[in-house]
1. Given the residues A85, A63, A48, A58, which is the only one that is in contact with a strand residue (DSSP E or B) (Cβ under 8 Å, 6 or more places away or on another chain) and within 17 Å of D155 (Cβ to Cβ)?
2. Has the range 256-272 got any residue that is within 13 Å of the ligand (Cβ to nearest atom), buried (at least 24 other Cβ atoms within 10 Å of the Cβ) and more than 21 Å from E98 (Cβ to Cβ)?
3. Does V116 satisfy being under 15 Å from the mean Cα position of the chain (by Cα), farther than 25 Å from A165 by Cα and touching a residue at least 24 places away in the same chain (Cβ under 8 Å)?
4. Please go through the range 155-196 and give me each residue that is touching a residue at least 60 places away in the same chain (Cβ under 8 Å), in a helix (DSSP H, G or I) and either touching a strand residue (DSSP E or B) at 6+ places or on another chain (Cβ under 6 Å) or more than 30 Å from P247 (Cβ to Cβ) (or both), ordered by number.
5. Could you identify the single residue in D335, D288, D261 that is without any contact (Cβ under 8 Å) to a residue 60 or more places away in the chain and within 30 Å of P215 (Cβ to Cβ)?
6. Residue by residue through the range 313-327, note down the ones that are aliphatic (A, V, I, L, M) and either under 20 Å from the mean Cα position of the chain (by Cα) or within 16 Å of the ligand (Cβ to nearest atom) (or both).
7. Can you name the residue in the range 57-76 that is away from the ligand (no atom under 15 Å from the Cβ) and either of a type in the set (G, A, S) or modelled with pLDDT of 95 or more (or both) and is also surrounded by the fewest Cβ atoms within 10 Å (Cβ to Cβ) among such residues?
Amino acid sequence: MREEEHALEQSRDVIVVGAGIIGLACAHRLAADGRDVLCLERGEPGGASSRAAAGMLAPVTEAEFGEEALYELNIAAAERWPEFAQEIGAAAAGYRREGALMVAGDRDDAEALQRVRGLRERLGIASAWLTGKECRELEPGLSPRVPGGLLAPEDGQVDPRAVCAALVRALGDRVRGGAEVRHLDRRSVTLAGGEIIRAERIVVAAGAWSGDLAPVSVRPVKGQILRLRGPTVCQRIVRTPRCYVVPREDGRVVIGATVEDKGFDTRVTAEGVFRLLEAAREVLPDVDELELEEASAALRPGTPDNAPVVGEVEGLLVATGHYRNGILHAPIAADAVAALVAQRDWVGTG
Ligand code: GLY
């Protein structure tokens, strides 16, 4: 079929390239606004980094020192989640705000956590220092060696696999897997098979691969993550400077995640698995009893300042670079993209 015949076949209001949680949320929001949207994914929708993600909604505890500019955005994103979860089916999303307990594995960690406490105070979300005994009253599975910790009641979680599945269901034939974009410009995408699809706006939401499609500086940051199941090891998210342990309602436990600059490498390594298990069992010894179900590795989209890139770049819209906060930012990124498509004023912080 010739190019112009392909072009006649399909023309949309908006094409979203990438069906991870950011692309899916953007497409869902655009569809709710009445746009004729098509979301394209070269693999399985929701099948790459979003599938590996733990799904923590941790506006402050996931940010690092020096990323203070992100807190305001993160907090706004966390506030948007309850409504977004309702929109897609709260039960399906696995949305819970049970808080996180940040614990020290040793005295060095305790000092680091005291600095976190100071930061939280400056942000107006002070947390009292909990002794080891107080931590164990909250989480009886904690090791007697834990010297203390901090509670972050604002933290919560969703199940990213369930969220993506709900978005894919809601989008129906407006999301297409196995559709690799070979080339794009401001008004069209060309798929690997030669099909050309035109649209009024193109949104690049291709995570760590966004730099191949749009002029944005995004690098892959590898994270290895484990999924286990068995007797309950904790009631709420437990974090240390070396890992996080996220208990799911169905008895599964997610332990993550490494942070590695290894390019586009998604191999699960013995060292990665060992380090995560070592870090988790240091504070929650009953992790030893769990059955290891899955070990995976995925790529976070990192940017030079760890802040997301959501906006217009050379005539394209981009929503990428969410680094450690892709799940947290999905609803607010979708709102921003929908506002840009509608050419509404958007006052964002990211
Ligand atoms: N937000 C979890 C991670 O990046 O590991």
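The values are calculated or read from the model by the stated rules, or taken from the named source; none is laboratory data. Worth saying up front: this structure is predicted, and the values here are computed from it rather than measured. Glycine gets a Cβ as well: all are built from the backbone with ideal geometry, and neighbour counts include every protein chain shown.
1. A58
2. no
3. no
4. Listed by number, the residues that qualify are V168, R174.
5. D261
6. Hits for the range 313-327 are L317, V318, A319, I327.
7. G66
Here's the yes/no breakdown for (1) modelled with pLDDT of 90 or more; (2) away from the ligand (no atom under 16 Å from the Cβ):
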{"site": "R29", "(1), (2)": "yes, yes"}
{"site": "D36", "(1), (2)": "yes, yes"}
{"site": "C39", "(1), (2)": "yes, yes"}
{"site": "G55", "(1), (2)": "yes, no"}
{"site": "A90", "(1), (2)": "no, yes"}
{"site": "E98", "(1), (2)": "yes, yes"}
